[in-house]
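Below: the structure, in structure tokens.
The values are calculated or read from the model by the stated rules, or taken from the named source; none is laboratory data. None of the values given here were measured: they were computed from a predicted structure. Glycine gets a Cβ as well: all are built from the backbone with ideal geometry, and neighbour counts include every protein chain shown. These accessible areas exclude ligands, DNA and RNA; they are computed on the full protein's heavy atoms, side chains included. Shrake-Rupley method; radii C 1.70, N 1.55, O 1.52, S 1.80 Å.
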Amino acid sequence: MKIAIQGLGRMGMQIARKLAESGEHTVIAHNRHHEPIDEAATYGAIKAYEKADVLREFGSDQVVIWIMLPDAIVDDQVAEWLAIVPKGSIIIDGGNSDFRSTKKLNEVVKAAGCELLDAGVSGGVWGYQNGFPIMCGGDNADAFAVLEPALKTLVKPGGMYHHFGPSGAGHFVKMVHNAIEYGMMESLGEGFRMLHDGPYKGLNLGVAADLWQHHSVITSWLTELSRDALTENPELDGISGYVAESGEARWTLEAAQDLNIELPSIRAAFDVRVASQQGETNFATKVVAAQRNKFGGHNLNGEGAAK
């Protein structure tokens, strides 16, 4: 299929590269800055420096545009696309967007005669290699069917995709996924802090994490990443312990409050991240920052949003 990717950051570039290198799709690469477009071209994508260039490359083919941008600017970018794309075009929001905003944007897109799909993408910087887990939503089954060939490529070899329901459902599932992630990361961070600051000094935390990876109850990718970080840097020197948050746990807590659902573990993990941004850091928040760097390539000292 022919598809444009807008937003060639860590995740967007992986998506463009995986699709282009597959040889199964024609990928049109678009980005605010031109350097990532040039990089995408080395993987086989077509350069499109301006939105008009994107449309010219589609010609008479159906326009399908996958946006990988921060939630705060998605609405404005979609508005710019709607002003120029033909009716029947499909827009995919693949970023970490608030499902409530997605539902509102869906009405705007439908009113313009186009279709909006939401696709929550996980996998971090390893998705290109391992395959992406992709959580989808959208009202129009035919539009989803158009996108499916790209999804089938993106999940290879070990990922998975699923259409969970109407508009916003994909972003809702991804939002909750990220909120769970906050709690799991914080629990591991606190455990390693207990080992580090507890009565037995000099414990080898990398070995403890490695042992836990041998079919213990807490065997997980996050434990593996913690093991790698603690083996490489046992004291986590040079890591401030500042932990950024992207908004997804915050949105989950807001939705839970509306539904009168208690989420105490997620609330506690979220509060720790917020406190870390005010200088309340410790070995546990250093572990969480190291985990984020390992799976998402995020700055070790807090710059950049969480996955």
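Evaluating Asp228 against the criteria (1) open to solvent by 40 Å² or more (accessible area, probe 1.4 Å); (2) free of Cβ contacts under 8 Å to residues at least 40 places away in the same chain; (3) within 26 Å of Asn96 (Cβ to Cβ) leaves one unmet condition, (2). Number of residues in segment 165-178 that are of a type outside the set (S, T, N, Q) and under 17 Å from Gly123 (Cβ atoms) equals 7. Where residues in segment 167-193 are buried (at least 23 other Cβ atoms within 10 Å of the Cβ) and among the charged types (D, E, K, R), which of them is farthest from Gln213 (Cα to Cα)? Checking each candidate, the answer is Lys174.
Could you say whether any residue in segment 11-27 is open to solvent by less than 40 Å² (accessible area, probe 1.4 Å) and in a strand (DSSP E or B)? Among the residues of segment 11-27, at least one is open to solvent by less than 40 Å² (accessible area, probe 1.4 Å) and in a strand (DSSP E or B), which makes the answer yes. Taking the stated definitions as given, is Asp237 surrounded by fewer than 21 Cβ atoms within 10 Å (Cβ to Cβ) and over 22 Å from Gly123 (Cβ atoms)? Answer is yes for this residue.
To keep it simple, each residue is scored yes or no on (1) under 24 Å from Thr102 (Cβ atoms); (2) out of contact with any strand residue (DSSP E or B) (no Cβ under 9 Å at 6 or more places or on another chain).
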residue: Ser22; (1), (2): no, yes
residue: Asn31; (1), (2): yes, no
residue: Ile46; (1), (2): no, no
residue: Glu57; (1), (2): no, no
residue: Gln62; (1), (2): yes, no
residue: Leu82; (1), (2): yes, no
residue: Val85; (1), (2): yes, no
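Within segment 54-82, residues that are over 14 Å from Lys104 (Cα atoms) and assigned to a helix (DSSP H, G or I) sit with their Cβ atoms under 7 Å from residues that are of a type in the set (Gly, Ala, Ser) and open to solvent by less than 40 Å² (accessible area, probe 1.4 Å), at 6+ positions apart or across chains, in these pairs: Val54/Ala4; Val54/Ala48; Glu57/Ala48; Leu82/Ala112.
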